[in-house]
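See below for the structure under consideration.
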Amino acid sequence: MKMTHRQIAAPVVALWAAIACILSLPAGARETEPAAKIAAPPATENRAQEDVPVHPALWKVADEDTTIYLFGTIHVLPKGIYWHHGKVAEAFAQSGSLVTEITEDDPARMQGLVVKLAMLPRSQTLRGQLGSDERAAYEAALALYKIPPALFDRFEPWYAAVALSTIPLMQDGFDAAHGVEELLNLRAKERKLPHQGLETAEYQLGLFDGLPKDVQKRYLSEVIEQLPTIKENITAMIEAWKQGNAAELAKLMNAGETDPVLLKTLLIDRNREWAKWLDERLDEPGTVFVAVGAGHLAGTGSVQDQLTALGIASTRLQ
């Protein structure tokens with residue numbers, strides 16, 4: 001059930017903000033103090049000092065009076081990857097509106113969503129739901145990153161799983177402030193472009209909250225198992241994204257996926273709904289820049305596959 005690495009490029013944008021919330025929740029809500037605050041650097045142009053050009057994949061869907069650009073994003077990146085140039089920059093400059101998975105959300109509201117959707121009843125604890133071997137592996141993983149053992153006790157397994165796979169990346173300099181959505185949002189504000197979300201933060205977090213508990217616990221176990229190679233695998237995924245290698249990206253994120261519930265809930269169903277939205281948007285004239293996690297635009301069941309099923313062609317531009 002290899003969801004650990006896919007979440008950075010596909011589902012879901014709201015997760016990064018949700019994990020950041022644990023660092024600012026009142027102590028009474030989390031019942032412990034975080035090991036350390038992880039500062040988010042200010043958003044920048046993120047220009048790379050790289051010799052190899054960075055050319056992430058870009059597609060176009062169009063009819064007589066409507067053009068929709070489809071761009072696959074990485075939600076969190078290390079500093080120093082300059083991708084906003086060439087055909088991507090041209091497409092964005094031509095667009096009259098921006099569409100992303102979600103729009104910016106108020107941090108206080110995100111805290112409320114975390115409390116509402118991710119926390120266990122007062123009578124329960126996460127470690128109390130784990131078997132002895134599961135608990136030992138979980139506590140060892142927390143200790144590896146100097147995370148207090150009780151930090152996620154008040155949270156459901158899915159939240160602990162996402163946090164445990166995300167915090168190591170934060171400690172290594174991966175940040176939403178360097179991610180694609182952050183720069184697009186800044187550019188849209190500069191141009192005063194309308195900015196629409198395909199989903200809401202509550203909906204995205206609700207997808208995880210709605211997973212059966214056994215699926216959530218298996219997800220947590222998988223995260224713990226994959227921690228030793230998480231940075232290596234994320235780096236490989238980013239390299240494929242930088243080169244516009246959608247096939248390799250799909251292989252890295254989707255190969256070995258064995259849980260049909262996760263695959264359907266977090267990827268296929270959402271791709272199908274987004275394709276329907278794109279179909280309806282073609283009825284309205286104009287040019288739109290749509291940016292979603294790169295995993296949604298790669299592999300079997302992708303947004304492009306869903307568009308093909310609706311009789312709509314997509315053209316690769318980069």
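Compute the semi-axes of the equivalent ellipsoid of the range 199-318, taking the square root of 5 times each eigenvalue of the Cα gyration tensor, and list them largest first in whole Å. Kindly include the intermediate steps, with their values, before the conclusion.
Working: eigenvalues 149, 76, 31 Å².
Over the Cα atoms of the range 199-318, the semi-axes work out to 27, 20, 12 Å.
Please work out the FRET efficiency for the pair VAL115 and GLU225, using the Cβ-Cβ distance as r and a Förster radius of 41 Å; give the result to the nearest 0.05. Spell out each step's value before the answer.
On the way: r = 29 Å, r/R0 = 0.71.
It comes to 0.90.
If each residue of separation counts as 0.36 nm, what is the full-extension length gain between THR235 and TRP277 once their alpha-carbon separation is subtracted?
Details: separation 42, 0.36 × 42 = 15.12 nm, distance 3.17 nm.
Working it through step by step, the gained length comes to 11.9 nm.
In Å and on Cα atoms, what radius of gyration and Dmax does the range 50-201 show?
For the range 50-201, the Cα-based Rg and Dmax read 20.0, 62 Å.
List, in the order given, every pair from LYS87/LYS242; LYS213/LYS276; LYS213/LYS251; LYS60/LYS242; LYS217/LYS251; LYS251/LYS276 whose Cα-Cα distance in the structure shown is over 22 Å.
Details: LYS87/LYS242 14 Å; LYS213/LYS276 30 Å; LYS213/LYS251 27 Å; LYS60/LYS242 18 Å; LYS217/LYS251 24 Å; LYS251/LYS276 25 Å.
Checking Cα-Cα distances, LYS213/LYS276; LYS213/LYS251; LYS217/LYS251; LYS251/LYS276 exceed 22 Å.
If the chain between ASP305 and ASP269 were fully stretched, how many nm would it gain, using 0.36 nm times the residue separation less the Cα-Cα distance? Spell out each step's value before the answer.
Values: separation 36, 0.36 × 36 = 12.96 nm, distance 1.22 nm.
This chain segment gains 11.7 nm when fully extended.
For the range 140-165 and the range 57-123, write down the distance between their C-alpha centroids in whole Å.
So the two Cα centres are separated by 27 Å.
Taking +1 at the Cβ of each Lys and Arg and -1 at the Cβ of each Asp and Glu, which of LEU220, ALA246, LEU278 sits farthest along the dipole of the range 196-318 towards its positive end, judged by Cα position relative to the Cα centre?
ALA246
So, R0 is 41 Å and r is the distance between the beta-carbons of THR66 and GLN171; what FRET efficiency does that work out to, to 0.05? Could you put the intermediate results ahead of the total?
On the way: r = 44 Å, r/R0 = 1.06.
Efficiency, rounded to the nearest 0.05: 0.40.
Along each of the three principal axes of the Cα atoms of the range 113-184, give the extent in whole Å, ordering the values from largest to smallest.
Between the extreme Cα coordinates on each principal axis of the range 113-184 lie 43, 29, 15 Å.
What nm value, rounded to one decimal, do you get for the distance between ALA89 and ALA150 when each label is placed 7 Å out toward the C-beta?
The modelled label-to-label distance comes out at 5.2 nm.
Which residues' amide hydrogens lie under 5 Å from the amide hydrogen of GLN196, considering only partners 5 or more residues apart or on another chain, with H built in the peptide plane?
For GLN196, the qualifying residues are LEU98, VAL99, THR100.
Could you calculate, for the range 201-271, the ratio of the Cα radius of gyration to the Kirkwood radius, expressed as Rg to Rh?
Expressed as Rg/Rh, it is 1.00.
Every number here is computed from the coordinates shown, using simple stated rules; none is lab data. For clarity, every value in this text was computed on a predicted model and none was experimentally measured. Cβ: placed from backbone, ideal geometry, glycine included. Neighbour counts: every protein chain shown.
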